[in-house]
Amino acid sequence: MECIKHKRVKDRKMIKAMRKDYCERCGAYANIEPHHVFTVGSGGGDIAMNLVQLCTSCHIGAHSGSVKRDELLAIVARREGVKYEDAYRANRRAMGYRVD
Ligand SMILES: [Zn+2]
Ligand SMILES: [Zn+2]
């Protein structure tokens, strides 16, 4: 069995670069915060494919589970112009997993 090393991609500049003044989920213009689709705790990287800008209420939903990760990843994939599966793979790769 292969040993998986969690080597998270860290990039503060990317977090800054991805900042927007509106919520990418509901379009609200208020208190927008960057959210990691794959959480930092689970090894999610600071890459464009893993960052989405959310208003406070969507952000709370994302962390409580009422806003599903699938939905957020679909938003990111659409924004980056890639398929959902490709966005998923890019994130797994940034988390140190081997992705075919
Ligand atoms: Zn929102
Ligand atoms: Zn968050």
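General observations
- In region 19-36, the residue that is farthest from ligand 1 (Cβ to nearest atom) out of those that are open to solvent by less than 70 Å² (accessible area, probe 1.4 Å) and within 16 Å of the chain's Cα centre (by Cα) is 36.
- Of the candidates 2, 71, 80, the single residue that is more than 15 Å from ligand 1 (Cβ to nearest atom) and modelled with pLDDT of 95 or more is 80.
- Of everything in region 39-64 that is among the β-branched types (Val, Ile, Thr) and closer than 16 Å to residue 23 by Cβ, the residue that is least open to solvent (accessible area, probe 1.4 Å) is 52.
- Residues satisfying the stated conditions in region 54-73, i.e. hydrophobic (A, V, I, L, M, F, W, C) and within 22 Å of residue 29 (Cβ to Cβ): 54, 55, 58, 60, 62, 67, 72
- The one condition in (1) open to solvent by less than 30 Å² (accessible area, probe 1.4 Å); (2) more than 16 Å from ligand 2 (Cβ to nearest atom) that residue 67 fails to fulfil: (2)
The values are calculated or read from the model by the stated rules, or taken from the named source; none is laboratory data. What you see is a predicted model; the values in this text were computed from it and never measured. Neighbour counts run over all protein chains shown; Cβ positions are idealised from the backbone, glycine included. Heads up: the accessible areas ignore ligands, DNA and RNA and are worked out on the full protein's heavy atoms, side chains in. Shrake-Rupley method; radii C 1.70, N 1.55, O 1.52, S 1.80 Å.
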